[in-house]
Structure formats: structure tokens, C-alpha cells
Amino acid sequence: YKAFEHKLHNSEITGDEVIEYTRVPQDIETDLYDQTRLELAVTPPAAYLIPPQWTEVIDRFELHGVEFFRLQQPQTLAVESYRFEDVTFRATPYESRQIPSYKAVPVSEQRDFVAGTVIVPMAQPRAKLVAHLLEPEAPDSLLAWGFFNAIFERKEYAERYVMEPIARRMLAENPALAKEFAERLATDEDFANSPGRRLNFFYRRSPYWDEQHNRYPVARLPDPAALQRLSVK
């Protein structure tokens, strides 16, 4: 590539060497990388489903000219999605956004969808764009850019005076749970020394745990026949 020769000089400002470019032309040989190596791939679904309350996300799809339609009535569908573990955030904002990092765990489940849910078919010209925006592990996904950060917020908690008696009943009624708790106490010193984590062990396994926490609201519809049924309603 075409460049200019440069030299280094010691700077009294930085206390280090600083590059100073000249106006002398220089041709520099370099390597040309004209092939890609696949590091992560996903099998695209028939469609993605986005709950209607995620208006900021839906607005982005409209700006990009992505084709979609909306559910006309509530539906319960067999879908694929993700839950997230090891969620952390950068210490400072980036491009005005709080950027999360996470481990995505695939799940298959029955999920209820309300009328107005956005359905994004993948049989369209912008299918690759859709996948890059909605697959959580894509480097520039909307999740990676902080558009879904609300799912990482704990909204529900259990007071100790309420949860402790429930935990006692859970231990008495579930021998397998009691064994798991005892093993955790014996093998995890940090867990054993943390009253909050010990109580949270039972809270997460109780009917009162918020199932929406760390749950991706976007779903993958794998069945083309199900998409066809939805598109004609």
C-alpha cells in the first residue's frame, strides 16, 4: 500500500517515542486476506418473533426495510430461544449504551404470544441482516448493543423472613433438593459463607422466581408449516 516514510523522536511531552511522518513516498508490501474463516454459525429459523412492547427494536427493522407482519390473535407456539448466564456489563458506557456480555444457552419451549407480536419471516432479501440483529451471539446483535438490557434487571425479590420458612418446607418435602443443598455447602465455601446466596438457592427453585429474568424475549419459530398457518390468519 502507498504510505509515507516515518521516523521516531523522543517527546518531552509524552516521555516516549512519537512517530513523525515525512512527505517521502513509500510502498509497503503487506498481506491481502481475501477469504473468511467461519467461527460461529446458526441454522436460520422459519421466522423470528418479537413481542410488540419492544418498540425500539421494531423501529430499527422498519428503518432497515425488513419485511414483517403481526399476529392477529394470541397464539401458543413451540419455539426456540435463549437464556443467559454470566451476565456482566462494561464499567463505562460505549457509544452512549451500556454494553452487556453474556453466555447464551439455547432452550426449546412452549411460549404464549399476544396479538400484535411481530413475525419476521426469513424468506426475504434481508434475512442475513435479520439474523445478525437478532442472534444474541452475533457481534453486532441488538442484544449485544444493549437494546434488551431490561431483561437483565431483577424485578422480584424475597424477604428473608418470608423465604426462610418456605426454604425449610422445601428441604423437608424434597430429599433431592436437601442433598443438593448439603453438597453445595460442603463444596462451595463462598456459597456456604453467604446468607444471601444460600437463601437465593431456594428462591430460584420456588414458584416465586421471575422466569423472565435473563430470558430472551425474541423467539425462533423453527417450523415453516406453523409460519404458513400464522401468515394466512
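The values are calculated or read from the model by the stated rules, or taken from the named source; none is laboratory data. Because the structure is a prediction, the values reported are computed rather than measured. Note that we place each Cβ from the backbone using ideal geometry, even for glycine, and neighbour counts take in every protein chain shown. For accessibility, only protein heavy atoms count, side chains too; no ligands or nucleic acids. Shrake-Rupley method; radii C 1.70, N 1.55, O 1.52, S 1.80 Å.
Per residue, the solvent-accessible area of the range 105-146 (1.4 Å probe, heavy atoms of protein chains only, all protein chains present) comes to 47 Å². Solvent-accessible area of His6, all protein chains in place: 100 Å² (probe radius 1.4 Å, heavy atoms, ligands and nucleic acids excluded). Surface analysis of the range 1-59 yields an accessible area of 89 Å² per residue, using protein heavy atoms and a 1.4 Å probe.
Using R0 = 25 Å, the C-beta based FRET efficiency linking Glu156 and Arg90 works out to 0.45. Here the sum of -39500 (n - 2.57) over DSSP H runs of 4 or more residues, divided by the residues of the chain, equals -8000 deg cm²/dmol at 222 nm, to the nearest 500. A straight line joining the Cα centroids of the range 73-101 and the range 37-60 runs 12 Å.
At the residue level, Thr88 shows approximately 70 square angstrom of accessible surface with a 1.4 angstrom probe and all protein chains present. Comparing the chain with the 2.2 N^0.38 Å rule of thumb, its C-alpha radius of gyration ratio is 1.47 (two decimals).
All C-alpha to C-alpha distances of the range 2-48, sorted into 10 Å bins beginning at zero, yield P(r) values of 18, 22, 19, 16, 14, 11, 0 percent in whole numbers.
Would you mind getting me the FRET efficiency between Asn174 and Ala78? Use the beta-carbon distance for r and R0 = 25 Å, nearest 0.05.
Values: r = 29 Å, r/R0 = 1.17.
So the FRET efficiency works out to roughly 0.30.
Each Lys or Arg adds one and each Asp or Glu takes one away; over the other residues whose Cβ falls under 14 Å from the Cβ of Tyr48, this sums to +2. Between Glu29 and Phe4, the contour length at 0.36 nm per residue exceeds the alpha carbon distance by 7.7 nm. For Arg70, the residues whose amide H sits under 5 Å from its own are Ile119, ignoring neighbours fewer than 5 places away on the same chain, with H placed 1.01 Å from N. The fraction of accessible area contributed by carbon and sulfur in the chain is 51 percent, rounded to a whole number (1.4 Å probe; ligands and nucleic acids excluded).
The local environment of Trp145, defined by Cβ-Cβ distances under 15 Å, has a net charge of -3 under the rule Lys, Arg +1 and Asp, Glu -1.
Other residues whose C-beta falls under 14 angstrom from the C-beta of Ala186 contribute a net charge of -2, scoring Lys and Arg +1 and Asp and Glu -1. Tell me, what is the FRET efficiency for Phe69 and His132 to the nearest 0.05, using R0 = 22 angstrom and their Cβ-Cβ distance as r? With R0 = 22 Å, the Cβ-Cβ based efficiency is 0.55.
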